[in-house]
1. With N set to the residue count of segment 206-275, report its C-alpha Rg divided by 2.2 N^0.38 Å to two decimal places.
2. ASN223: net charge of surrounding residues, Cβ under 11 Å, Lys/Arg +1, Asp/Glu -1, itself excluded?
3. Suppose only helical runs count, i.e. DSSP H with n ≥ 4. What mean residue ellipticity at 222 nm does that imply for the chain under -39500 (n - 2.57) per run, divided by all residues and rounded to the nearest 500 deg cm²/dmol?
4. In whole Hz, what ³J(HN,Hα) sequence does segment 101-116 give by Karplus (6.51, -1.76, 1.60; θ = phi - 60°), x for Gly and Pro?
5. Once the convex hull of the alpha carbons of the chain is built, what does its volume come to per residue, in cubic angstrom?
6. Which whole-Hz couplings ³J(HN,Hα) result when phi for each residue of segment 157-165 is put into the Karplus expression 6.51 cos²θ - 1.76 cosθ + 1.60, θ = phi - 60°, listed in order with x for Gly and Pro?
7. Please rank VAL242, VAL157, fewest neighbouring Cβ atoms within 10 Å first, as an exposure proxy.
Amino acid sequence: MSESTEARAPANRVLPHELPASLRDAGLENWIREPLDDAVDRRRRIIMPPAAAVMGTPASAYQGALLAEARHPDTVFMMGDNPALPTMPSRPTLGDFFQLRFSKIARTHLLQSARVAREHGLGEKVIMACLLHDIAIAGLVSANHGYWGAQMVAPYVDEEIAWSIEKHEALRYFPDESVGYRYPDAYIDYFGPDYRPPGYLRREAEAARRHRWYMTSRLVTINDIYSFDPNVVVAYDEFEDVVGRNFRQPREGLGFDGSPVAHMWRTMIWPNNFL
Ligand SMILES: [Fe+2]
Ligand SMILES: [Fe+2]
């Protein structure tokens, strides 16, 4: 190979570029997708972890270093389809998000919760709320998940369903012996036996208890099961009928209907977009 060709990057691949040791030490090479065969324009693509994911962790110190990586030739930030994720249809439905985006564990939890609600003979509003109650954990963000989840679905479901999704987060912490709801054993594992929910959740739960839709949300917590059989597979198709009657699927697809929450669905379609 002559010197002149060696100095030029071959047209069909990106020259390997050594990451700074600080990025490697911080484990941040996971955020950089090397140019694989399926990479757009054969460029290395950087994923900038969202602030909410790294705040309070050592990874937050390396945002500048990741930013600097984008100055290298043939390196860009991830925008649009991430080849590591299945491509979403142009007009995605709720089912597409369940099948192509939601984490397996959360999807299984939601489907099993909805199935238990149906087996208990509960109404469709409760079944639908169970199917959606942890949708934010499944695809967007876990902290304040009841509130995020309720907002995500509010334009598409009955107000009572969105309300019960919002309130289930607070009601989960507070037993109601009159309907056989105990503090979840799982929360003792998750938060320790000495955990006490903050005042705002206590106030939310107290207000929810006086609301006319209290029992809808309480039933979500009762059917919010953690001890499920990992071998039981519940197909989303089992709920196509309930979804068809209780979820107003926008014609343009979730994320593209111009609703006040479309950006939340787009964030799940392209979760790694830099901006
Ligand atoms: Fe939840
Ligand atoms: Fe749940």
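Values in this text are rule-based calculations from the coordinates and carry no lab data. Source: prediction; values computed, not measured. Methodologically, a virtual Cβ is constructed for each residue, glycine included, from the backbone with ideal geometry; neighbour enumeration extends over all protein chains shown.
1. Dividing the Cα Rg of segment 206-275 by 2.2 N^0.38 Å gives 1.54.
2. Values: positive: ARG115, ARG118, ARG218; negative: GLU119, ASP224.
Value of the local net charge: +1.
3. That calculation yields -12000 deg cm²/dmol at 222 nm.
4. Karplus values, whole Hz, x for Gly and Pro: 10, 5, 4, 4, 5, 6, 4, 4, 4, 5, 5, 5, 5, 5, 5, 4.
5. Details: hull volume 46.9 nm³, N = 275.
Dividing the Cα hull volume of the chain by its residues yields 171 Å³.
6. Along segment 157-165, the couplings run 10, 4, 4, 5, 5, 4, 4, 5, 5 Hz.
7. VAL242, VAL157
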